[in-house]
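One structure below.
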Amino acid sequence: MKNQEVWVGITDYEGYEVSNLGRVRSLDRVISGGKRRTGKILKQHYNHGGYPYVSLYKNGKGRKITVHRIVAKSFIPNPDNKEEVNHIDGRKNNNSVDNLEWSTRLDNTRHSYSTNLNVCYGENHHQAKLTNDQVLEIYERVHKGEKGVSLAQEFGVYKSVISDIKRRKRWKHITGKLA
């Protein structure tokens, strides 16, 4: 099953199929007025979280559904009714059935940290206002005697941020390399 593509119908969406390799297709169909439409592989788009999704239609209404959930629901038993689907290798676009597993929110979160997929510090933090390069520049300039107030104004941060960078209390994963 690993290399051979297997197609099955998608539950609740007549006229669509999903494969064990993570592809979704529409089937040949007749639309209003007796016109025939040829089935095709659906184009996958990416949501704000970086997960591929497709738009499936039922009773004239479209719904965006992530591909990994369609594959998991179609191919992987879920006897414990776990609510999330985990990408074993951490790659969001690898929706092969061999790379997916049902998971709890806690287990999924733990997996993201244990595999360094969830990097919540530095420029990767969702609230970061500075890049790693800017921090290095601030660190060098403040140690050459520039005032924290002017640097804070220039970079659009509080003076305390500049002070914390100088003393390696923030961004120490960057400034610690300069010690």
Suppose the filter is surrounded by fewer than 15 Cβ atoms within 10 Å (Cβ to Cβ), within 19 Å of Gln44 (Cα to Cα) and either of a type outside the set (A, V, I, L, M) or assigned by TED's automatic domain parsing to the domain that holds Arg29 (or both); does Ser55 pass it? yes
Being assigned by TED's automatic domain parsing to the domain that holds Asp98, aromatic (Phe, Trp, Tyr) and more than 17 Å from Val97 (Cβ to Cβ), is that true of even one residue in the range 59-77? no
Quick check: is even one residue across the range 47-56 part of a strand (DSSP E or B), of a type outside the set (A, V, I, L, M, F, W, C) and touching a Ser or Thr at 6+ places or on another chain (Cβ under 6 Å)? yes
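Matching residues to (1) over 30 Å from Gly156 (Cα atoms); (2) assigned to a helix (DSSP H, G or I); (3) assigned by TED's automatic domain parsing to the domain that holds Thr11:
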{"residue": "Asn86", "(1), (2), (3)": "yes, no, yes"}
{"residue": "Asp89", "(1), (2), (3)": "yes, no, yes"}
{"residue": "Asn94", "(1), (2), (3)": "yes, no, yes"}
{"residue": "Glu101", "(1), (2), (3)": "yes, no, yes"}
{"residue": "Asp107", "(1), (2), (3)": "yes, yes, yes"}
{"residue": "Lys129", "(1), (2), (3)": "no, no, no"}
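Determine if the range 20-41 includes at least one residue that is loosely packed, with under 10 Cβ neighbours inside 10 Å and touching a residue at least 24 places away in the same chain (Cβ under 8 Å).
Looking only at the range 20-41, we keep the residues that are loosely packed, with under 10 Cβ neighbours inside 10 Å, and these are 30-36, 38.
Cutting the leftovers down to touching a residue at least 24 places away in the same chain (Cβ under 8 Å) gives us none.
Scanning the range 20-41 turns up no residue that is loosely packed, with under 10 Cβ neighbours inside 10 Å and touching a residue at least 24 places away in the same chain (Cβ under 8 Å).
The values are calculated or read from the model by the stated rules, or taken from the named source; none is laboratory data. Nothing here was measured: the structure is a model prediction, and the numbers come from that model. Cβ coordinates were reconstructed from backbone atoms using ideal geometry, including for glycine residues, and neighbour counts include every protein chain displayed.
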